[in-house]
Structures are given as C-alpha cells and as structure tokens.
Amino acid sequence: MGQYGFNTTLLHGIDNTDPFGATHVPIYQSSAFRHESAEELEQIFANKAMGFSYTRINNPTIEAFEKRIAKLEGGVGSIACASGMAALTNAILNILQSGDEIVAGCGLYGGTVELFDELESFGITTRYVKENVSQEYETLINDRTRLIFAETIGNPKLDVTDIAAVAQVAHAHGLPFMVDNTTATPYLIQPLKLGADIVVHSSSKYINGSSNAISGVLIYGGKFKWDAQRYPGIKPFLKFGPFAYLAKLRNGLFRSMGACLSPQNAFLNNLGLETLGLRVERQCSNALKLAEYIKSLDTGVAVNYPGCPDSPYHELAKKQLHGGYGAILTLRAGSKERAFGIINALKLPLIVSNIGDTKTLVIHPASTIAAHLSKEAQRESGVYEDQIRISVGIEDIEDLKQDFKNAIEKEV
Ligand SMILES: *Cc1c(COP(=O)(O)O)cnc(C)c1O
C-alpha cells in the first residue's frame with residue numbers, strides 16, 4: 001500500500017482533481033460525454049486516448065471508486081459492476097468457455113452456487129471440495145480445469161481458506177486463483193498479496209457499509225501468466241501485459257453484458273469506503289467480545305467464530321488475517337424453535353438477509369438464504385436447523401451483550 005497505512009491510503013490515496021475543489025468526487029450523473037472533435041472521440045474509442053464516452057463503459061465517479069479499490073487490494077486495476085453477482089459473472093466468463101471446469105471451495109455464498117448451476121447449461125461445470133484444504137483442490141484438478149475459486153471466509157460455515165496454499169496449488173497447474181473477499185474485506189486481508197490472481201467483492205456489503213446500494217467490483221493482480229492455448233480469448237489482449245485480463249473484459253463481455261454500476265451508487269460507495277477501516281475494526285472487536293460473552297453465559301447456545309480458539313480455523317485465521325477475525329458469527333440454539341424465539345426476542349438486530357451493515361443483522365440461514373439447498377448440501381455448507389447467523393455492527397458492545405443475554409435467557 002505504499003508509504004501510508006490503510007486508513008490514510010483510503011482517505012488520501014487517490015488524486016481528486018475536481019476543478020472546483022469538491023472534497024468528494026461528484027456524481028457525474030450523465031450517460032454520455034461530449035467531445036471537441038470527431039477525431040477526439042475516435043481516439044477514445046480506439047483506446048488511444050484517455051477519456052469517457054458512455055457510462056456503460058466508464059464514468060469519472062465510477063472510475064474513482066475503481067481506483068480506490070484497486071489500491072486497497074493491491075491490484076493493477078479494477079472494474080465495478082451493477083452487483084456482486086454481476087462482478088462474479090464477468091470475472092468468470094471473461095476467461096472460461098464451454099467445456100471448461102471450475103474447482104471451487106465448499107460452503108460458498110448461495111447465489112454463487114446458483115450461478116455455477118446456471119453455467120452448466122453453457123457447458124461450464126464446477127467441482128466442489130468437501131474440506132477447505134489445499135490438497136482437496138489439487139485432487140479435483142484435471143485437464144479441463146481452468147479456474148480455482150474460493151471465498152476468504154465462507155458464510156455461514158465460517159471456514160477460512162488458506163489463500164497462499166491454494167494459490168500455490170493453482171499456479172503449479174497453470175491455473176488462475178479467484179477469491180471472493182466480501183466477508184473479510186481488504187482491511188483484514190489482501191488476497192492478491194498472498195498469491196491470488198483475481199479478487200471479487202460484493203461491495204453491497206462492507207465496502208458500502210450502510211446497505212444503501214447494490215454493487216460489485218473485481219480487481220486483477222496483473223501477474224498471472226496466461227497460456228493462449230488454454231485461454232484462447234485472451235490472446236489478442238496479451239499485448240497489454242499486466243492489464244490483459246482487464247483490457248479483455250472492459251472491451252468485451254463487460255461492455256456487451258452491460259451490468260455497469262450507476263454513478264449514484266459509485267458515489268455512495270466512495271463515501272462508505274472512507275470509514276471501511278474504522279467500521280471493520282469496530283465490527284471485529286464487537287464480534288469477538290460478543291462471541292466470548294455468549295459462550296460465557298453457559299446457556300446451551302454454541303458459538304462458532306474464527307476468533308475463538310475452539311474454531312477449527314482459528315490458527316489459520318490468526319496467521320492470515322490482520323486486525324480481526326471478521327464480523328460474522330453463528331450460534332446454534334439447540335432447535336429451530338429456540339433459534340426463531342431468540343431472533344424474535346432480540347430488540348436491536350434487524351432481521352435481514354444482508355451482511356456488512358453498520359447495524360447488527362440476524363437471520364436463520366436454513367429457512368432463508370440456504371433454503372434452496374438439500375439437507376445434505378446444507379450440512380456441507382455448514383448450515384443447521386438451529387443456527388442463527390449474526391452480522392455484527394458498530395453498536396456499543398454492552399448494549400449488544402445485554403440484548404443477546406435477554407433474548408437467549410428468555411428462550412430456553
Ligand atoms: C452478497 C454476496 C454476493 C453477491 O453480491 P450482490 O451484491 O448481492 O450481488 C457474492 N458473494 C458473497 C460472499 C456475498 O456475501
């Protein structure tokens with residue numbers, strides 16, 4: 001990140017050259033940009049001059065967001081999209097074609113699993129590891145594999161991927177490693193620095209921070225050595241060197257699919273980003289205190305949190321994450337009825353399917369975000385009938401503790 005720390009970089013890391021000195025990059029709420037001459041626009045369309053033509057391709061407010069995210073994740077560039085799902089779809093289809101296979105982590109975000117199911121009808125199949133360890137990824141690789149995919153912290157299983165180890169396996173087989181870093185955020189970990197090649201975010205979550213805009217973003221590390229035989233589509237773009245992957249996407253599928261971010265939402269993300277470090281620091285600290293407190297109550301409610309020494313992922317989380325263990329924890333109440341009772345008795349948390357808000361959020365995954373999965377698939381994803389997922393917010397910790405104590409003790 002250069003000479004400055006995370007928060008300083010966030011606030012001062014990119015040039016704001018607004019001609020009027022606006023302290024925030026303004027909302028350029030314009031679909032198109034006019035030019036002085038036909039020649040000028042010709043140059044922009046031919047990628048021979050910098051500039052904006054049409055917001056589906058790029059826009060100054062969106063570009064400011066992309067530059068900031070690329071800097072935070074340590075990438076050579078990034079592309080912002082209409083949603084996290086749009087970012088994943090773009091990131092994957094930019095390099096895969098019919099006949100290719102993905103090897104993916106277990107316990108992935110439900111929407112991602114549904115996307116992988118959809119890709120089957122386009123001839124792209126996915127194999128999932130059963131245990132999130134690098135050896136399992138390796139055993140699933142064959143000569144059709146073209147991508148390794150994982151999430152930094154799975155949700156709601158809260159398994160942690162060993163990014164450096166999986167990257168090593170991927171690269172030994174000439175494969176790019178893509179990481180969904182939504183739940184961890186670049187405040188806790190920058191997967192590109194540990195060997196990942198492409199990072200994807202649902203910036204609807206922690207990056208935005210206040211649940212006021214749907215968006216996604218993908219960041220490229222610039223280092224992967226593309227083999228033009230295995231990834232034939234990238235061949236014409238190899239002349240762009242470290243930007244080959246991004247050049248292919250922005251000139252191809254991204255502009256053709258049209259799932260661009262709106263300037264208004266890019267502005268909200270730029271605003272939210274300024275407090276990312278502060279929020280995540282507080283959310284992680286609250287999550288750890290809340291996890292330890294609920295454990296100490298001894299009420300038969302089990303706590304799963306990578307920050308607790310009894311999590312099977314504690315040592316890896318400790319080694320790999322810096323500044324906290326994430327802000328999601330899960331409880332097991334003993335029965336679905338008790339889980340519902342606790343959720344309904346809580347006064348502060350909102351019952352919401354989202355994560356990453358400033359406010360604490362709770363949900364019963366088995367009947368909502370994981371309801372489409374079979375019982376067996378739920379078990380593999382770490383989803384249980386008696387489970388409550390908590391996305392911890394920035395409230396005063398004593399208030400959260402009291403609220404959870406009251407709700408848990410009321411529902412026995
Ligand atoms: C929410 C989420 C997504 C999807 O993002 P949207 O912005 O809702 O499209 C993808 N991955 C993870 C880990 C998520 O939490």
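Could you work out the equivalent-ellipsoid semi-axes for the range 215-312, taking the square root of 5 times each eigenvalue of the Cα gyration tensor, largest first, in whole Å?
Details: eigenvalues 361, 84, 30 Å².
Here the semi-axes work out to 42, 21, 12 Å.
On the basis of the beta-carbon distance and an R0 of 51 Å, HIS173 and LEU278 show a calculated FRET efficiency of 0.80. With only Cα atoms counted, the range 297-412 has Rg and Dmax values of 14.1, 38 Å. The stretch between VAL133 and LYS193 holds 19.7 nm of extra length on full extension. This uses 0.36 nm per residue minus the Cα-Cα distance. Across all Cα pairs in the range 358-412, the calculated P(r) in 5 Å bins from zero up to the longest distance comes to 4, 18, 21, 19, 15, 14, 7, 1 percent per bin. Only protein heavy atoms count here; under a 1.4 Å probe, ILE369 has an accessible surface of about 60 Å².
Accessible area per residue of the chain at 1.4 Å probe, in Å²?
Numbers: 17710 Å² over 412 residues.
Heavy-atom accessible area per residue stands at 43 Å².
Note on ARG255 and LYS375: their simple-model spin labels are 5.3 nm apart, each label 7 Å out from Cα toward Cβ. For the chain, modelled as a GNM with alpha-carbon contacts under 10 angstrom, which of GLN283, GLN320, GLN29 fluctuates the most? Among GLN283, GLN320, GLN29, the largest GNM mean-square fluctuation belongs to GLN29.
Could you compute how fast the range 76-216 diffuses translationally, taking Rh as the Kirkwood radius over C-alpha pairs and applying Stokes-Einstein at 20 °C with viscosity 1.002 mPa s? Give it in µm² per second.
143
Once you list every other residue whose beta carbon is under 15 Å from the beta carbon of GLN378, what net charge do they have if Lys and Arg are +1 and Asp and Glu are -1? Don't skip to the end; give the middle numbers.
On the way: positive: LYS130, LYS157, ARG332, LYS336, LYS375, ARG379, ARG389; negative: GLU114, ASP159, GLU376, GLU380, GLU385, ASP386.
Within the 15 Å Cβ shell, the charges total +1.
Considering only SER381, VAL76, PRO176, the residue lying farthest towards the positive end of the dipole of the chain is VAL76, judged by Cα position with unit charges set on Cβ.
Cβ under 15 Å from ALA184's Cβ, ALA184 left aside: what net charge do those residues give with Lys, Arg +1 and Asp, Glu -1? Could the numbers behind the result be given before it?
Numbers: positive: LYS157, LYS193, LYS205, ARG279, LYS318, LYS319; negative: GLU73, GLU151, ASP159, ASP162, ASP180, GLU281.
Cβ neighbours under 15 Å give a net charge of 0.
Dividing the summed helix terms, -39500 (n - 2.57) for each DSSP H run of n ≥ 4, by the number of residues in the chain produces a 222 nm estimate of -10500 deg cm²/dmol to the nearest 500.
Modelled spin-label separation between ASP143 and GLN97, with each label point placed 7 Å from Cα along the Cα-to-Cβ direction: 1.7 nm. Per residue, the average separation of C-alpha pairs within less than 8 Å and at least 6 apart gives the range 328-412 a relative contact order of 43 percent. You can think of it this way: the chain between ALA46 and SER296 has 83.6 nm of extra reach, that is 0.36 nm per residue less the Cα-Cα gap. Relative contact order, whole percent, for the chain stands at 17, derived from Cα pairs under 8 Å and 6 or more residues apart.
Per residue, the convex hull spanned by the Cα atoms of the range 43-89 amounts to 96 cubic angstrom. Remark: relative contact order (the range 77-193) = 24 percent; criterion is Cα-Cα distance under 8 angstrom and separation of 6 or more residues.
Could you calculate the contour length gain from ASP117 to PHE340, that is, 0.36 nm times the residue separation minus the distance between their Cα atoms, to one decimal place in nm? Walk me through the intermediate numbers first.
Working: separation 223, 0.36 × 223 = 80.28 nm, distance 3.03 nm.
Using 0.36 nm per residue and subtracting the Cα-Cα distance, I get 77.3 nm.
Across the range 32-119, Cα-Cα pairs farther apart than 22 Å form 47% of the total.
Per Stokes-Einstein, at 4 °C and 1.567 mPa s, what whole-number D in µm² s⁻¹ belongs to the range 151-192, with the Kirkwood radius over Cα pairs as the hydrodynamic radius?
Calculated translational D: 120 µm²/s.
Within the full protein context, the accessible area of MET85 is estimated at about 60 Å² for a probe radius of 1.4 Å. Here the chain is described by how far its Cα atoms reach on the three principal axes: 74, 55, 38 Å, from widest to narrowest. A cut-off under 14 angstrom between Cβ atoms defines the neighbours of TYR137, and their net charge, with Lys, Arg +1 and Asp, Glu -1, is -4.
Run the accessible area of the range 161-223 with a 1.4 Å probe and give the carbon-and-sulfur part as a rounded percent. C and S atoms contribute 54 percent here.
Quick one, what does Rg over Rh come out to for the range 69-143 if you take C-alpha atoms and the Kirkwood Rh? Mind showing how you got there, number by number?
Numbers: Rg = 13.8 Å, Rh = 13.9 Å.
Rg/Rh: 1.00.
The rule of thumb for compact globular proteins, 2.2 N^0.38 Å, goes into the C-alpha radius of gyration of the range 324-389 1.10 times. Sorted from longest to shortest, the spans of the Cα atoms of the range 259-322 along the three principal axes equal 49, 26, 25 Å. Please work out the FRET efficiency for the pair LYS405 and LEU11, using the Cβ-Cβ distance as r and a Förster radius of 30 Å; give the result to the nearest 0.05. For LYS405 and LEU11, the calculated efficiency is 0.20. Selection among PHE116, LEU93, VAL133 by position relative to the dipole of the range 89-136 gives VAL133 as farthest towards the positive end (Cβ unit charges, Cα centre). For the range 15-56, dividing the convex hull volume of the Cα atoms by the residue count gives 100 Å³ per residue.
The values are calculated or read from the model by the stated rules, or taken from the named source; none is laboratory data. Worth saying up front: this structure is predicted, and the values here are computed from it rather than measured. No Cβ is skipped: glycine too gets one built from the backbone with ideal geometry, and neighbour counts run over all protein chains shown. Heads up: the accessible areas ignore ligands, DNA and RNA and are worked out on the full protein's heavy atoms, side chains in. Shrake-Rupley method; radii C 1.70, N 1.55, O 1.52, S 1.80 Å.
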